[in-house]
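**Q** Pasting a structure below so you can have a look.
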Amino acid sequence: MKKALEKLPFYNKLVLPYHFAQSVVANAKFHHPGRQLHVIGVTGTNGKTTTCFMIWHMLNQAGIKTGLMTTVAWGVDKLTPELNHMTTVDAVTLNSRISEIKKQGATYLVLEVTSHALAEYRTHGIPFEIAVFTNLTHDHLDYHKTMDNYRAAKGKLFKKAKFSILNADDPAVSYYKKVSQKYTTYGIKHGENRAKDVKLSTSGVKYSFDDINIETSIPGEFNVYNSLAAAVVGKQIGLSNRQIRDGLKSLKSVEGRMNVVDEGQPFTVIIDYAHAPDAITKVFDSVKGHQGRIISVHGGAGRRDPSTRPIRGAILAENSDIVIITEDDSRDEDPEKIALGFIKGATKAGKKLGKDLFKELDREKAIALALKLAKKGDLVLILGKGHEKTILRADGPHDFEDIKVVKKLLKKSK
């Protein structure tokens, strides 16, 4: 019944009063736990999780006990994996976890905030001291319908926050400047806080910011932006240059974000959560220097914006030597229908089925095919699920982790 109702065009607006009431009740039930912490909210289409982890790790390394709630995990010192395929959880769970984080002695909380959560009042009652904007690109239009609605939903965070840290290189920054109470900006090309002398490699990024030589172990130009946003948060809070530098340098990885899997194979395997067009493009941009072939494995989730499927298929085709279209969280949507959207985009971009474009709707078999096709010096990119521990099919969730599957298959092939 619920699935049928969710397909109604007015369903999202219909349930808004319920979400608001739920949030009010949850705040009262748990005695407004958000008011008892210094809350840092991070929003944007891409980069939210990594930026959150960088801030959380940096603050804890500096001796400031800080909680974390993201797509990947939540907690303070010991993180609990987030098993729901949801970034900002429902208001009851959210307030319950914030209360638990406070009980564990945290004074700060880094919270990943989605446009859905803001539109549905899930974060109502939580005062944000600092809000961070990473970027805004095409995503979630199945829910928001237009980019203006999507942008405005995220804008609610900056209207609430006492201070905002905005990506000056993103076109949407002008809008968020207008709605922010107070703000500063960051970027590579523009912004009050600039990354200079940027050096990119497959092992990480290096650049200078003010008098700080920043170095991270997570590759990709997008991680210049993520780490710079975290560094500006550190400055705003009052951390020393050394605390910022050491905190960012000591974070070795974020689960499901540009994770390299090495089981001694003669080719490289990278797993990343990228599933929006811009995020996928940025992954390819980060591996442009790779000399061998690129084999990509990707698929689309069911009941999510279908207009991005051919766009993503084209991006995969234009940047890969071989493309394998597979399943993601198909839910109750036909996986064949989902795959067709990707195949249309990939074939239009020049790929041919059976030659350099393949469809394998069993995700494990698709990964196995990619590993089998890979030769010495190649790069296999497995995109879309990253850290997730299950795959959602029509009959419900099934245990599935890209990293575990890759490791198992690589060990089996020895």
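**Q** Going through the stretch 195-207 one residue at a time, which ones are at pLDDT 95 or above and crowded, with 19+ Cβ neighbours inside 10 Å?
**A** Residues satisfying the conditions are Ala195, Tyr207.
**Q** Can you name the condition, by its number, that Met54 falls short on among (1) in contact with a Ser or Thr (Cβ under 9 Å, 6 or more places away or on another chain); (2) modelled with pLDDT under 95; (3) hydrophobic (A, V, I, L, M, F, W, C)?
**A** (2)
**Q** For the stretch 178-189, which residues satisfy the criterion of being of a type outside the set (S, T, N, Q) and either in contact with a helix residue (DSSP H, G or I) (Cβ under 9 Å, 6 or more places away or on another chain) or not assigned by TED's automatic domain parsing to the domain that holds Ile40 (or both)?
**A** Lys178, Val179, Tyr183, Tyr186, Gly187, Ile188
**Q** For the stretch 326-342, state whether one or more residues are in the same structural domain as Ala276 (by TED's automatic domain parsing), among the aliphatic types (A, V, I, L, M) and not in a helix (DSSP H, G or I).
**A** No - not one qualifying residue is present in the stretch 326-342.
**Q** Given the criteria assigned by TED's automatic domain parsing to the domain that holds His31, surrounded by fewer than 21 Cβ atoms within 10 Å (Cβ to Cβ), at pLDDT 85 or above and of a type in the set (Asp, Glu), does Glu192 qualify?
**A** Taking the combined requirement at face value, the residue satisfies it.
**Q** Still on this structure, I have one more. Just for the stretch 275-323: of the residues that are of a type outside the set (A, V, I, L, M) and part of a strand (DSSP E or B), which one is farthest from the chain's Cα centre (by Cα)?
**A** Filtering the stretch 275-323 for residues that are of a type outside the set (A, V, I, L, M) and part of a strand (DSSP E or B), the one farthest from the chain's Cα centre (by Cα) comes out as Ser296.
**Q** Can you name the residue in the stretch 370-386 that is charged (D, E, K, R) and in a loop (DSSP other than H, G, I, E, B) and, of all such residues, is farthest from Ser296 (Cα to Cα)? Break it down into steps so the answer makes sense when it comes.
**A** Here is the first cut: in the stretch 370-386, the ones charged (D, E, K, R) are 372, 375-376, 378, 385.
Checking the rest, the ones that are also in a loop (DSSP other than H, G, I, E, B) come to 375-376, 378, 385.
Working: Lys375: 14, Lys376: 16, Asp378: 11, Lys385: 13 Å.
By that ranking, first place goes to Lys376.
**Q** Does the stretch 217-224 contain any residue that is at positive phi, in contact with a Leu (Cβ under 9 Å, 6 or more places away or on another chain) and not basic (Lys, Arg)? Can you show your working first?
**A** Keep residues of the stretch 217-224 that are at positive phi, which gives 220.
Retained after the next criterion (residues that are in contact with a Leu (Cβ under 9 Å, 6 or more places away or on another chain)): 220.
With the extra rule that they be not basic (Lys, Arg), the set shrinks to 220.
Yes, the stretch 217-224 has at least one match.
**Q** Would you check which residues across the stretch 238-274 are surrounded by 20 or more Cβ atoms within 10 Å (Cβ to Cβ) and part of a helix (DSSP H, G or I) and list them?
**A** Once the filter is applied, which keeps residues that are surrounded by 20 or more Cβ atoms within 10 Å (Cβ to Cβ) and part of a helix (DSSP H, G or I), the stretch 238-274 yields Ile244, Arg245, Gly247, Leu248.
**Q** Still on this structure, please answer the following. Tell me the residue from Lys412, Lys337, Lys355 that is without any contact (Cβ under 8 Å) to a residue 12 or more places away in the chain, surrounded by fewer than 15 Cβ atoms within 10 Å (Cβ to Cβ) and under 18 Å from Arg303 (Cα atoms), please.
**A** Lys337
**Q** Out of (1) crowded, with 22+ Cβ neighbours inside 10 Å; (2) out of contact with any Asp or Glu (no Cβ under 7 Å at 6 or more places or on another chain); (3) more than 21 Å from Asp378 (Cα to Cα), the odd one out for Gly300 is which?
**A** Unmet for Gly300, out of (1) crowded, with 22+ Cβ neighbours inside 10 Å; (2) out of contact with any Asp or Glu (no Cβ under 7 Å at 6 or more places or on another chain); (3) more than 21 Å from Asp378 (Cα to Cα): (2).
The values are calculated or read from the model by the stated rules, or taken from the named source; none is laboratory data. Source: prediction; values computed, not measured. When we count neighbours, we look across all protein chains shown, and the Cβ atoms used for this are built from the backbone with ideal geometry, even at glycine.
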